[in-house]
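This report concerns only the one structure given below.
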Amino acid sequence: MNTQAHAEEAHAGASLGTNIGIWVGLVAITFLEVFLAYKQLQPSVMLSILVVLSVVKAGMIMSYFMHLKFEKLSLVLWLIPAMIFCICMMLIFFFPEAFRLLQMRPH
């Protein structure tokens with residue numbers, strides 16, 4: 001077996017059934033997010049749930065559709081600080097603004 005055939009086999013990715021399963025999971029999470037948008041939940045609870053669901057969706061997309069699940073562990077570990085940085089930026093900039101808007105709303 002030559003090296004190119006071995007490399008193609010190593011980076012073959014997920015099977016069609018796995019990709020369809022991941023796609024169905026992503027659609028289900030999206031429907032759950034839309035369903036939650038119509039529920040009358042407290043904004044802080046709603047925001048927390050939606051952020052967690054979005055991080056799960058991003059992880060599924062990066063793992064399977066960007067093929068990070070099949071890459072070396074060192075490459076994946078380089079992305080963790082970037083994800084933590086993005087989450088911290090969301091917490092720093094968006095949460096205070098959301099709470100300020102809640103206080104501006106007439107009661």
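The values are calculated or read from the model by the stated rules, or taken from the named source; none is laboratory data. What you see is a predicted model; the values in this text were computed from it and never measured. Backbone-built Cβ (ideal geometry, glycine too); neighbour counts: all protein chains shown.
Among the residues of region 55-63, is there at least one that is surrounded by fewer than 10 Cβ atoms within 10 Å (Cβ to Cβ) and part of a helix (DSSP H, G or I)? No: zero hits. Which residues, counting only those in region 79-102, are farther than 25 Å from Glu33 by Cα and either at pLDDT below 80 or surrounded by 10 or more Cβ atoms within 10 Å (Cβ to Cβ) (or both)? Correct list: Leu79 only.
If you go through region 16-54 and keep only what is surrounded by 13 or more Cβ atoms within 10 Å (Cβ to Cβ) and of a type in the set (S, T, N, Q), you end up with Asn19, Ser48, Ser54.
Taking region 40-49 only, how many residues are part of a helix (DSSP H, G or I) and farther than 20 Å from Phe85 by Cβ? Break it down into steps so the answer makes sense when it comes.
Filtering region 40-49 down to residues part of a helix (DSSP H, G or I) leaves 43-49.
So of that shortlist, the ones also farther than 20 Å from Phe85 by Cβ come out as 43-46, 49.
Of the residues in region 40-49, 5 are part of a helix (DSSP H, G or I) and farther than 20 Å from Phe85 by Cβ.
Considered as a group, the residues in region 64-107 that are outside any helix (DSSP H, G or I) and free of Cβ contacts under 8 Å to residues at least 40 places away in the same chain include one that is nearest to Leu16 (Cα to Cα), and that residue is Met66.
Just to verify a result, which residue in region 19-55, among those that are in contact (Cβ under 8 Å) with a residue 24 or more places away in the chain and β-branched (Val, Ile, Thr), is nearest to Ala98 (Cα to Cα)? Selected residue: Val51. Hey, could you check region 67-78 for residues that are loosely packed, with under 11 Cβ neighbours inside 10 Å and of a type outside the set (Ser, Thr, Tyr) and say which is farthest from Leu53 (Cα to Cα)? Only one residue tops the list, namely Lys72.
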